[in-house]
Amino acid sequence: MKRLLRLLIRLYPAWWRNRYGGELEALLEDSGSHDVWDLFWAAMEMQMKTWSFGRIVMVCAIAGVVVAGAAAFLWPQQYKSTATLRWDQHDPDVVNHVLEAALPRNALVSIINDYDLYPRERRRMPMEDVIDKVMRRETWVTPIPPNLAQVTFFYEDPIQAQRVSQDLVGRIITANLSTPNGGLIQLVAPADQGKRTITGKARLAFTGLGLPVGVMFGVVLALILRRRAAPAN
Amino acid sequence: MSDPTLLVLASLAEGDKHGYAMMEDIERFAGIRLGPGTLYGAITRLEERGWIGPVKSRDERRQPYRITAAGQEHLAEQLANLNKVVKTGLSRLKQA
């Protein structure tokens with residue numbers, strides 16, 4: 001930690017370190033403070049004290065593009081597999097009853113175990129949370145009037161997404177068979193191989209968004225710094 | 001009152017202090033623990049404006065600072081403004 005704090009002091013401009021560096025080191029020793037962010041932002045503020053308005057805006061714009069680009073390209077890919085059903089049942093209560101019968105909690109647990117889904121999430125949260133906070137959000141059954149429904153499953157692997165989507169369809173068809181007035185279900189299109197949900201264009205667009213956001217942030221920051229630097233009276 | 005420069009001036013109004021002593025004093029009277037970077041940012045700005053200055057000391061790493069006459073004037077002005085706000089707020093609360 002001491003080494004990190006010393007490194008942070010080196011982020012201050014040379015003129016500042018020559019004048020206050022020793023005092024700041026002594027203060028860190030005396031107070032035992034490890035407030036890394038406070039030191040980092042204060043060092044950045046001192047650096048920017050001597051920068052022009054335009055330079056602050058330009059640096060923030062570049063930082064905005066870099067941060068947005070890193071976020072866009074490091075964001076994990078998700079694949080979406082969809083199956084389409086013809087379902088001659090218009091009563092939402094019956095549809096919900098079939099879905100509840102098809103996908104109870106124990107069915108979702110067995111799907112997770114059978115396909116070895118969410119290994120990372122299962123290591124850090126209980127199965128209940130994996131089902132409620134992850135799997136249910138990534139499983140969609142969307143009615144398409146008048147008589148179609150789409151079953152969609154999102155996952156990080158396209159083959160797994162397809163297998164699980166097909167499994168869900170099978171369970172819905174089976175549950176429908178044992179439901180009175182369930183209506184006729186036919187598989188119109190089996191689950192397709194998972195398609196990417198984030199395209200290269202979307203990642204580039206997100207990266208591009210970093211520019212105006214960075215510029216806006218830079219303008220606000222430059223105005224704040226200018227105001228802080230000006231005498232109060 | 002969370003402006004670090006004002007807190008530093010208020011602390012030095014009591015007497016000369018080095019960085020750590022200011023940090024402790026401010027925590028005592030205002031309940032705010034200033035980070036080391038924030039504290040030295042405020043000290044830098046105050047020194048630039050001539051509102052505080054270093055005092056000769058044997059220990060250069062624990063440099064004490066003293067509030068100047070201009071600093072006292074500025075502090076008095078700011079506290080008078082704050083006082084006005086506090087009085088107004090309190091009287092309006094009583095009326096409510």
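Bear in mind these aren't lab numbers, they're just calculated from the coordinates by the rules spelled out. Please read these numbers as outputs of a predicted model, since none were measured by experiment. Virtual Cβ from ideal backbone geometry, glycine too; neighbours counted across all protein chains shown.
Over region A:1-50, what relative contact order in percent results from Cα pairs under 8 Å that are six or more residues apart? Before the final figure, lay out the partial values.
Values: 27 pairs, mean separation 28.1, N = 50.
RCO, region A:1-50: 56 percent.
Separation between the A:ILE62 and A:LEU11 pseudo-spin-labels, each 7 Å from Cα along Cα→Cβ, expressed in nm?
1.7
Taking other Cβ within 10 Å of each residue's Cβ, how do A:ARG228, A:ARG124 sort, fewest first? Mind dumping the intermediate values first?
On the way: A:ARG228 14, A:ARG124 8.
In order of increasing Cβ crowding within 10 Å: A:ARG124, A:ARG228.
Straight distance only, please: which lysines reach the Cα of A:LYS201 with their own Cα at less than 20 Å, same-chain residues fewer than 8 apart left out?
Within the straight-line limit of under 20 Å, A:LYS201 reaches these lysines: A:LYS80.
Summing Lys, Arg as +1 and Asp, Glu as -1, what charge do residues with Cβ under 11 Å from the Cβ of B:ARG62 carry, B:ARG62 excluded?
Values: positive: B:LYS17, B:ARG58, B:ARG61; negative: A:GLU23, A:GLU25, A:GLU29, A:ASP30, B:ASP59, B:GLU60.
Neighbour charge sum, excluding B:ARG62 itself: -3.
Order of A:160-168, A:87-95 by packing, highest average Cβ count within 10 Å first?
Details: A:160-168: 22.4, A:87-95: 14.7.
Per-residue mean Cβ counts within 10 Å order the peptides as A:160-168, A:87-95.
Can you give the relative contact order of chain A as a percent, counting alpha carbon pairs under 8 Å and 6+ residues apart? If you can, show how the numbers build up before the last one.
Working: 291 pairs, mean separation 80.0, N = 233.
Computed over chain A, the figure is 34 percent.
Could you give the nm distance between label points at A:GLN193 and A:PHE40, where each point is 7 Å from its Cα heading toward the beta carbon?
4.2
Please report, in debye to the nearest 20, how large the charge dipole of the protein assembly as shown is about its Cα centre when each Lys and Arg carries +1 at its beta carbon and each Asp and Glu carries -1 there. Don't skip to the answer; put the middle values down first.
Numbers: 41 positive and 34 negative charges, 210 e Å.
The calculated dipole for the protein assembly as shown is roughly 1020 debye.
Which Cα, out of A:TRP87, A:TYR155, A:VAL65, lies furthest along the positive dipole direction of the protein assembly as shown (beta carbon charges, K/R +1, D/E -1)?
The listed residue farthest towards the positive side: A:VAL65.
Over chain B, with a single point scatterer placed on each C-alpha, what log10 of the ratio I(q)/I(0) does the Debye formula yield at q = 0.15, 0.19 1/Å?
Per q value, in the given order, log10 I(q)/I(0) is -0.60, -0.87.
List the lysines whose Cα sits under 22 Å from the Cα of B:LYS94, skipping any in the same chain fewer than 8 residues away.
In chain and number order, the partners are B:LYS84.
Got a sec? How would A:GLU23, B:GLU73, A:GLU138 order by Cβ neighbour count within 10 Å, fewest to most?
Working: A:GLU23 22, B:GLU73 13, A:GLU138 17.
In order of increasing Cβ crowding within 10 Å: B:GLU73, A:GLU138, A:GLU23.
Checking a compactness column here: for region A:1-50, what do you get for Rg(Cα) / (2.2 N^0.38 Å), N being the number of residues?
Values: Rg = 10.2 Å, N = 50, 2.2 N^0.38 = 9.7 Å.
Compared with the compact-globule rule of thumb, region A:1-50 sits at 1.04.
With the contact rule set at Cα under 8 Å and sequence spacing of 6 or more, what percent relative contact order holds for region A:79-196? Let's see the in-between values first.
Details: 184 pairs, mean separation 61.3, N = 118.
For region A:79-196, the relative contact order is 52 percent.
What pairs from B:LYS17/B:LYS87; B:LYS17/B:LYS56; A:LYS49/B:LYS56 go past 23 Å between their alpha carbons? Intermediate values should be presented prior to the final figure.
Details: B:LYS17/B:LYS87 31 Å; B:LYS17/B:LYS56 12 Å; A:LYS49/B:LYS56 27 Å.
In this structure, B:LYS17/B:LYS87; A:LYS49/B:LYS56 lie more than 23 Å apart at Cα.
Using the Kirkwood radius built from alpha carbon pairs, what does the Stokes-Einstein equation give as D for chain A at 10 °C and 1.306 mPa s, in µm² per second? Mind showing how you got there, number by number?
On the way: Rh = 22.7 Å.
The Stokes-Einstein estimate is 70 µm²/s.
How charged is the neighbourhood of A:LEU225? Take every other residue with its Cβ under 14 Å from the Cβ of A:LEU225, and add Lys/Arg as +1 and Asp/Glu as -1.
Working: positive: A:LYS49, A:ARG55, A:ARG226, A:ARG227, A:ARG228, B:ARG45; negative: A:GLU45, B:GLU48.
Net of charged neighbours comes to +4.
Would you mind counting up the charge near B:GLY71? Only other residues with Cβ under 15 Å from its Cβ, with Lys and Arg at +1 and Asp and Glu at -1. Don't skip to the answer; put the middle values down first.
Values: positive: B:LYS17, B:ARG45, B:ARG49, B:ARG66; negative: B:ASP3, B:GLU14, B:ASP16, B:GLU47, B:GLU48, B:GLU73, B:GLU77.
Local net charge: -3.
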